[in-house]
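The values are calculated or read from the model by the stated rules, or taken from the named source; none is laboratory data. Keep in mind it's a predicted model, so treat the numbers as computed, not measured. Virtual Cβ from ideal backbone geometry, glycine too; neighbours counted across all protein chains shown. Ligands, DNA and RNA are stripped out before the accessible areas are found, and what is left, the full protein with its side chains, is counted by its heavy atoms. Shrake-Rupley method; radii C 1.70, N 1.55, O 1.52, S 1.80 Å.
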Amino acid sequence: MRKLLIAANWKMHKTPIESSAFLTSFFPLIKNNTTAEIVLCPAMTCLPALVDAARSRPVFIGAQNMHWKNEGAYTGETSPVMLTAIGATHVLIGHSERRQYFAETDTTVNLKLKAALAHSLVPIVCVGEHLEERESDLTRSVLELQVSLALEGIDPAVAAPIVFAYEPVWAIGTGRTATAEIAEEAHVIIRNQIAKILTPELASSIRILYGGSVKPDNAQSLCCLKDIDGALVGGASLDPHSFAEIVRNAASHSQARP
Ligand code: PGA
């Protein structure tokens, strides 16, 4: 059984003081959670404070991005060594905003994925089609290509920690969520492609999250689906009450998964 994972992507929001205030409100709200693995991905400047505050709490702290090299002349970048040194455990890779605004490509996604695995960081690899691609019936080929290129040259023996996030670009920050049917269909495409590139066993154990306008009231209908193993939440993760409600709703319904 794949463990439910609910991740928060805070993007470029919250100062260290605001992040700590979030945790103070959030911990009591999730004190009964035993079902979901919870990951918070704040801005780089908040990582050390959040790692400290989350110590011996049931919450993991991840980064939103990293470079694939250990060190070097790469102004403004953060390396996997730096992330593990401060106690981060997860990292988002290839978020569509990185692809769109910061020239992230499938090649850099692949390099970052290999680096994350080499440094024992749990990679959450984001894939997803643009609206025009969906409307031109290209969703399947886009997803298959993104998954194949992300996984190129990855040894199945080290691939178990990988997490994918299906984030249709047209659903991110738009209030437009994929229907359960659209999301499940995309997750199956991704899972089948993982089976093809890695192994069928890995395809059935690797978690695939849904992301794109997840809110407390749609977390239930998405997270009860067979191939949806959790959510990557942007806007609705900024408020501790709405994020805790997403965790609760997803957890209660995921137990009914077929
Ligand atoms: P959203 O963002 O929940 O605000 O749509 C999701 C994401 O970008 O990961």
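Things to note:
- Residue match in region 3-17 (condition: over 23 Å from L143 (Cα atoms), open to solvent by less than 20 Å² (accessible area, probe 1.4 Å) and more than 14 Å from the ligand (Cβ to nearest atom)): no
- Of all residues in region 162-204 being among the β-branched types (V, I, T) and part of a helix (DSSP H, G or I), the one that is farthest from the chain's Cα centre (by Cα): I197
- Near pairs, Cβ below 7 angstrom, 6+ apart or cross-chain, from region 216-241 (surrounded by 24 or more Cβ atoms within 10 Å (Cβ to Cβ)) to any residue that is polar (S, T, N, Q): A219/N249; C223/S254; L232/N9; V233/N9; S237/N9
- Within region 99-143, tally of residues that are closer than 26 Å to I182 by Cβ, among the polar types (S, T, N, Q) and in contact with a helix residue (DSSP H, G or I) (Cβ under 9 Å, 6 or more places away or on another chain): 4
- Members of region 198-215 found to be open to solvent by 30 Å² or more (accessible area, probe 1.4 Å) and in contact with a Pro (Cβ under 9 Å, 6 or more places away or on another chain), listed by number: T199, E201
- Lone qualifier among L117, L113 - being outside any loop (DSSP other than H, G, I, E, B), surrounded by fewer than 20 Cβ atoms within 10 Å (Cβ to Cβ) and of a type outside the set (D, E): L117
- Residues in region 123-146 that are within 16 Å of the ligand (Cβ to nearest atom) and outside any helix (DSSP H, G or I): P123, I124, V125, C126, V127, G128, E129, H130.
- The condition (being touching a strand residue (DSSP E or B) at 6+ places or on another chain (Cβ under 8 Å), in contact (Cβ under 8 Å) with a residue 40 or more places away in the chain and buried (at least 23 other Cβ atoms within 10 Å of the Cβ)) is satisfied by just one residue among V163, V122: V163.
- Screening region 234-246 for residues that are within 13 Å of D217 (Cα to Cα) and hydrophobic (A, V, I, L, M, F, W, C) and picking the one that is farthest from the ligand (Cβ to nearest atom) gives A244.
- Filter result for L202 (away from the ligand (no atom under 16 Å from the Cβ), within 20 Å of P123 (Cβ to Cβ) and of a type outside the set (D, E)): yes
- Looking across region 205-228 at every residue that is out of contact with any Ser or Thr (no Cβ under 8 Å at 6 or more places or on another chain) and assigned to a loop (DSSP other than H, G, I, E, B), the one that is farthest from the ligand (Cβ to nearest atom) is identified as K226.
- The residues listed here are A160, A180, A171; of these, the one that is modelled with pLDDT under 95, more than 15 Å from the ligand (Cβ to nearest atom) and within 20 Å of L5 (Cβ to Cβ) is A180.
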